[in-house]
């Protein structure tokens, strides 16, 4: 699963194959945080001048403070959303474990008087020779 997510991040970042101006790839890549991280680093380092074989029509890679801030803002926003979702999922899992544990303990404690009564009844019903009435 890790290899698949890393490969998808590399493909949708736009570094391996151009994803802009392609019908489905461009829309899907906007949801991948690697796209925004790669675009922010490309606009900061002026990737178009360093690597002339990279696609020149990629507007997110422009060496402009506006595009760099836009890339950083969307990268931060996607990180906050994903961290919030992860915290929500972890909290739900931990809460359900605690609820199950306490409910189970209360149920067992409610059975203790019944078990004592059954043990006393079994002890009273036992005869001297080990047989029951």
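Which residues, taken from the stretch 1-16, are outside any loop (DSSP other than H, G, I, E, B) and in contact (Cβ under 8 Å) with a residue 24 or more places away in the chain?
8, 9, 10
Does the stretch 17-38 hold any residues that are within 23 Å of the chain's Cα centre (by Cα) and either crowded, with 22+ Cβ neighbours inside 10 Å or assigned to a loop (DSSP other than H, G, I, E, B) (or both), and which are they?
The answer is 29, 30, 31, 32, 35, 36, 38.
Per-residue answers, yes or no, for (1) in a loop (DSSP other than H, G, I, E, B); (2) in contact with a strand residue (DSSP E or B) (Cβ under 6 Å, 6 or more places away or on another chain); (3) modelled with pLDDT of 80 or more; (4) under 25 Å from residue 5 (Cα atoms):
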site: 90; (1), (2), (3), (4): no, no, yes, yes
site: 94; (1), (2), (3), (4): no, no, no, no
site: 99; (1), (2), (3), (4): no, no, no, no
site: 106; (1), (2), (3), (4): no, no, no, no
site: 109; (1), (2), (3), (4): no, no, no, no
site: 115; (1), (2), (3), (4): no, no, no, no
site: 124; (1), (2), (3), (4): no, no, no, no
site: 130; (1), (2), (3), (4): yes, no, no, no
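Filter the stretch 39-88 down to residues that are at negative phi and either in a loop (DSSP other than H, G, I, E, B) or touching a strand residue (DSSP E or B) at 6+ places or on another chain (Cβ under 6 Å) (or both), then give me how many there are.
Of the residues in the stretch 39-88, 11 are at negative phi and either in a loop (DSSP other than H, G, I, E, B) or touching a strand residue (DSSP E or B) at 6+ places or on another chain (Cβ under 6 Å) (or both).
If residue 51 satisfies all but one of (1) free of Cβ contacts under 8 Å to residues at least 12 places away in the same chain; (2) under 21 Å from residue 69 (Cβ atoms), what's the number of the condition it fails?
With respect to (1) free of Cβ contacts under 8 Å to residues at least 12 places away in the same chain; (2) under 21 Å from residue 69 (Cβ atoms), residue 51 is out only on (2).
The values are calculated or read from the model by the stated rules, or taken from the named source; none is laboratory data. Since this is a predicted model, take the numbers as computed values, not measurements. Every residue, glycine as well, gets a Cβ built from its backbone with ideal geometry; the counts of neighbours run over all protein chains shown.
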